[in-house]
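So the structure is just underneath, and the comments pick up after that.
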Amino acid sequence: MSDALDSSRLPDPGSVPFINTAVRYGVIGGLIFIIYGMIANFTGFNRPSAGIGAMVLNFLIFIGLYVGIQVAAIKKHRDEELGGAIQFGRAFMVGIVVAVIAGIISAVFNYFYMTVIDPDMLSTMVEEMEVMYERMGMSESQIEAAMEQIRTGFEPTKMFVQGIIMSVIMGGIVALIVAAIMKKNPPEHV
């Protein structure tokens, strides 16, 4: 079978750096997140006024983008740079580096967007969340308690730090799953 992996023809993974591929796909991922975020901002899709369903769908699309970017990076590294085999640990490292770089780029842009391009965005989001809570039938005291927490959390610097932390956590979880699915060990010599 000509398509079968022949471990004698596979490059030594130690001699093939993954960082270039991971950085390239991390930058691509960051740009995709920025474009998606801008579309969601302009259409109002990511606003609380769009409703819980839209917020859930927005989250699922975001996770789908994370999966797609990591799959593409790991597949390129595995198939084109390593000859078709990749161990779990290496696949995970590619995925997590992609996620962290994409997350940092996205967080930097979001900070710039919230502080320079649309500094009223956060106050608008807070107002929309209050309306959403009212529609959900929350009491006045529940709404006020929730709004106090939201106001303290909706600050550009805090959101920047939270964005990076969340990209590491979410990217790490996605990288674990993607790496487990995409790993392909080289054949053993008999």
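Where a number appears in this text, it was derived from the coordinates with a stated rule and is not lab data. This structure is a prediction, so every number in the text was calculated from the model and none was measured. Counting neighbours? That spans all protein chains shown, and the Cβs are built from the backbone with ideal geometry, glycine included.
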What ranking, highest mean first, results for peptides 73-86, 145-158 when packing means the other Cβ atoms within 10 Å averaged over each residue? 73-86, 145-158
Which of (i) 26, 23, 16; (ii) 42, 16, 13; (iii) 31, 20, 14 is the computed semi-axes √(5λ) of the Cα gyration tensor in Å for the structure on display? (ii)
Karplus ³J(HN,Hα) for the stretch 105-120 (6.51 cos²θ - 1.76 cosθ + 1.60, θ = phi - 60°; Hz, whole; x = Gly/Pro) runs 4, 5, 5, 4, 5, 4, 4, 4, 4, 6, 9, 10, 6, 9, x, 8
Show me, for the stretch 78-94, the HN-Hα J-couplings you get by feeding each phi into the Karplus relation (A = 6.51, B = -1.76, C = 1.60, θ = phi - 60°), rounded to Hz, glycine and proline as x. 5, 7, 9, 10, 10, x, x, 10, 8, 7, 3, x, 5, 4, 4, 4, 4
So how far apart, in nm, are the two label points at Glu81 and Val126 if each is 7 Å from Cα heading toward Cβ? 4.4
Counting only helical runs of four or more DSSP H residues, what would the 222 nm mean residue ellipticity of the chain come to if each run contributes -39,500 (n - 2.57) and the total is spread over all its residues? -24000 deg cm²/dmol
Lysine pairs in the chain with Cα distance under 28 Å, only those 8 or more apart or on different chains: how many are there? 4
